[in-house]
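In what follows, a single structure is set out as structure tokens and then discussed.
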There are 2 protein chains.
Amino acid sequence: MHKYSKQTRLLLAVDCIIFGFDGETLKILLIQRGFQPEKGNWSLMGGFVQPTESIDQAANRILKQLTGLEGVYLEQLHTFGDTNRDPIERTASVAYFALIDIHKYETQLNTEYHAEWFPLKRIPKLVFDHQDMVEGAKRRIRYKAALHPILFELLPTKFTIPQLQTLYESVFNTTIDKRNFSKRVLATGLLIKLSEKDKAGSKRGAYYYQLNMQNYYAKFQAFLNFIPNPDTLHL
Amino acid sequence: MHKYSKQTRLLLAVDCIIFGFDGETLKILLIQRGFQPEKGNWSLMGGFVQPTESIDQAANRILKQLTGLEGVYLEQLHTFGDTNRDPIERTASVAYFALIDIHKYETQLNTEYHAEWFPLKRIPKLVFDHQDMVEGAKRRIRYKAALHPILFELLPTKFTIPQLQTLYESVFNTTIDKRNFSKRVLATGLLIKLSEKDKAGSKRGAYYYQLNMQNYYAKFQAFLNFIPNPDTLHL
DNA sequence: GCAAAAGTGTTGCTATTACACCCATGC
DNA sequence: GCATGGGTGTAATAGCAACACTTTTGC
């Protein structure tokens, strides 16, 4: 027995929405598409799934190609499969989103792809259905961040509470009372206070914190409401 | 300009996890696979994406083939793409989950596929990676139901509060105080009390309710916690 | 008349919000 | 010495959980 005869095969691609936080606003990394069609237009970083790799592996490969990074937060978002989304040939695309520490991003890789960071509020027109992918990723990151501590993935190992607060305010486009915010954050037990201070943002300096990885992994799936005894949830 | 030459095409399939609620427990609908490989073994309902249809359309088509139903709740879950998940030929599969009113399911379609409902706790061994798909769907339905009122999709148009509570208890595998539950549910404004009673479950009878569709659509994206002013969320 | 399920209110507690002042330092 | 951002506590409120008895009716 060999093949499923009479079935049509199609191209399968991966596209990555790469988030970064520069201390001010949330941004995504876009490239200028290097081949036809739509050559030169702004696009997500993507590529075709190869015969020897899983889709997850393809996503990791593509992320590394552009950023030089491995082992960062990468999650499958949604698969886009309208028949005519690529005018050349039918191609389904599995979108992934990544959260990276923007400082670890190696700018030199830029040149090959003409990559640039764009604030979420100033995304240019994108090729194909990439605009929909970005919209989906924005929704998903908010959704997930409202329930799970994923935003730490956007920060360096050492960060301050004001930095963290700015990040949350940026993602949710809101303002938060700093007393309540720090109480809440510290109450999670996710943070370890360091003795060192960050003097960049202010004269007095703000204490650095780092993640308590033990608690981070343990509590990653926590939170939630609505159901009385959430101990039974185990998402 | 014609094709992306030198790229490998592959098969794209859709598999559906179909949930139903019989008043007692949450169940999924499985079929006996009708062709090789793994012919005769328990499987999710699935099929290949055709050249003329989008992936969503393929999922709806496959769901209708097995259940006779259209226009029901159907959501993309995840795409599975390990290189060797199908031993015959590389096939990626987009998993969808559906929530249907089990009473609308047309049993006569059964015969062709030898379909059967299985309680979530008694799922037989499944072909390929379908076990993983079911696990993912279980997690997703809980996750989503904890935040959004999707479980109504599993009930008939008219239902009672005790029925609804049993459903929640079944999905979350927990018990809920009925006074608190009815308070909470009624406070959402999602329900309209009917004058008619369901006398099946008890001698006294329980009032039927139906969804206030206006509020249902409006509040579908509501709920949530953790972020102070959730009005800015707009998931 | 009794068994079985439906329906309903109150109270205590916990979590969340709102809010204002002092501190440390570089210039 | 003053401007800038960092750090901290308390009181009022709202939301949530715990809890028990009465009602209806088929048998």
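No lab work stands behind these numbers, since they all come straight from the coordinates. Keep in mind the model is a prediction, meaning the values are calculated, not measured. Methodologically, a virtual Cβ is constructed for each residue, glycine included, from the backbone with ideal geometry; neighbour enumeration extends over all protein chains shown.
Structural remarks
- The H on the amide N of B:N41, modeled in the peptide plane, is under 5 Å from the matching H of B:R33, each at least 5 residues off or on a different chain.
- Average beta carbon contacts from partner chains per residue of A:142-148, 10 Å cutoff: 4
- Shape category assigned to the range B:157-232 from the gyration tensor of Cα positions, a/c cut at 1.5: oblate
- Computed FRET value (nearest 0.05) for B:Q65 with A:E135, which takes r as the C-beta separation and R₀ as 41 Å: 0.85
- On the beta carbon distance between A:K39 and A:K144, with R0 = 35 Å, the FRET formula returns roughly 0.55.
- Label sites at B:N215 and A:T174, each approximated as a point 7 angstrom past Cα along Cα to Cβ, lie 2.3 nm apart.
- Phi-derived couplings, Karplus 6.51 cos²θ - 1.76 cosθ + 1.60 at θ = phi - 60°, listed residue by residue for the range A:173-186: 6, 8, 10, 10, 5, 5, 5, 5, 4, 5, 4, 4, 5, 5 Hz, with x used for Gly and Pro.
- Sorted from closest to farthest, the other copies place their B:G71 label points 5.3 nm away, with each point set 7 Å from Cα along Cα→Cβ.
- In order along the range A:53-65, phi translates into HN-Hα couplings of 10, 6, 5, 4, 5, 4, 4, 5, 4, 5, 4, 5, 3 Hz, rounded to whole numbers, per the Karplus curve 6.51 cos²θ - 1.76 cosθ + 1.60 with θ = phi - 60° and x for Gly and Pro.
- Distance from the alpha carbon centroid of the range B:98-168 to that of the range B:12-85 works out to 12 angstrom.
- Local net charge near B:L99, Cβ-Cβ under 13 Å (Lys/Arg +1, Asp/Glu -1): +3
- Taking the number of Cβ atoms within 10 Å of each Cβ as an exposure proxy, the fewest-first ranking of A:E89, A:E112 is A:E112, A:E89.
- Label point 7 Å beyond Cα along the C-beta direction, distances from A:W117 to other copies (nm, shortest first): 5.4
- Between A:V127, B:S195, B:F159, the Cα set farthest toward the positive side of the dipole of the protein assembly as shown (charges on each charged residue's Cβ, about the Cα centre) is that of B:S195.
- Peptide A:4-14, shielding by other chains (average Cβ, 10 Å cutoff): 6
- Filtered trypsin sites (Lys or Arg not before Pro), the range B:57-163: DSSP coil and at most 15 other beta carbons within 10 Å: B:K125, B:K158
- Helix B:130-147 and the longest principal axis of the Cα set of chain B meet at an angle near 30°.
- Averaged over the residues of A:43-56, the number of partner chain Cβ atoms lying within 10 Å of the residue Cβ comes to 3.
- Exceedance of the 18 Å cut-off in Cα-Cα distance is limited, within the set B:K27/B:K125; A:K39/B:K3; A:K144/B:K144; B:K27/B:K219; A:K158/A:K193, to B:K27/B:K219.
- The range B:11-147: C-alpha gyration tensor shape, a/c 1.5 cut-off, then a/b vs b/c: rounded
- For the range A:1-157, the Cβ-based charge dipole about the Cα centre amounts to some 420 debye (Lys, Arg positive; Asp, Glu negative; other atoms uncharged).
- Teacher prompt: A:T188 distances to equivalent labels in other copies, 7 Å Cα→Cβ, nm: 2.7
- Amide hydrogen proximity for A:D22: with H placed 1.01 Å from N in the peptide plane, the residues at 5 or more positions away or on another chain lying under 5 Å are A:K27.
- Estimated distance in nm for a label pair at A:D22 and A:F118, the labels positioned 7 Å out from Cα along Cα-to-Cβ: 1.4 nm
- P(r) histogram, all alpha-carbon pairs of the protein assembly as shown included - 20 Å bins from 0, percent: 21, 51, 26, 2
- Summed side-chain charge close to B:P37 - residues other than B:P37 whose Cβ falls under 13 Å, Lys, Arg +1, Asp, Glu -1: +1
- Projecting the Cα atoms of A:W42, A:H78, A:T67 onto the dipole axis of the range A:38-122, where Lys and Arg carry +1 and Asp and Glu carry -1 at the beta carbon, places A:W42 farthest toward the positive end.
- Label-point separation, A:Y4 to B:I192 (7 Å along Cα→Cβ), nm: 4.4 nm
- Taking each residue as 0.36 nm, the span from B:A200 to B:E53 lengthens on full extension beyond its C-alpha to C-alpha distance by 48.5 nm.
- Tail fraction, Cα-Cα pairs, chain B, threshold 31 Å, whole percent: 31 percent
- Proximity of backbone amide H atoms, modeled 1.01 Å from N, is registered between B:T79 and B:A95 at under 5 Å, excluding neighbours fewer than 5 places apart on the same chain.
- Residues in the range A:66-75 carry Karplus couplings, in order, of 8, 10, x, 9, 10, x, 8, 5, 9, 9 Hz; the curve used is 6.51 cos²θ - 1.76 cosθ + 1.60 with θ = phi - 60°, and Gly or Pro positions show x.
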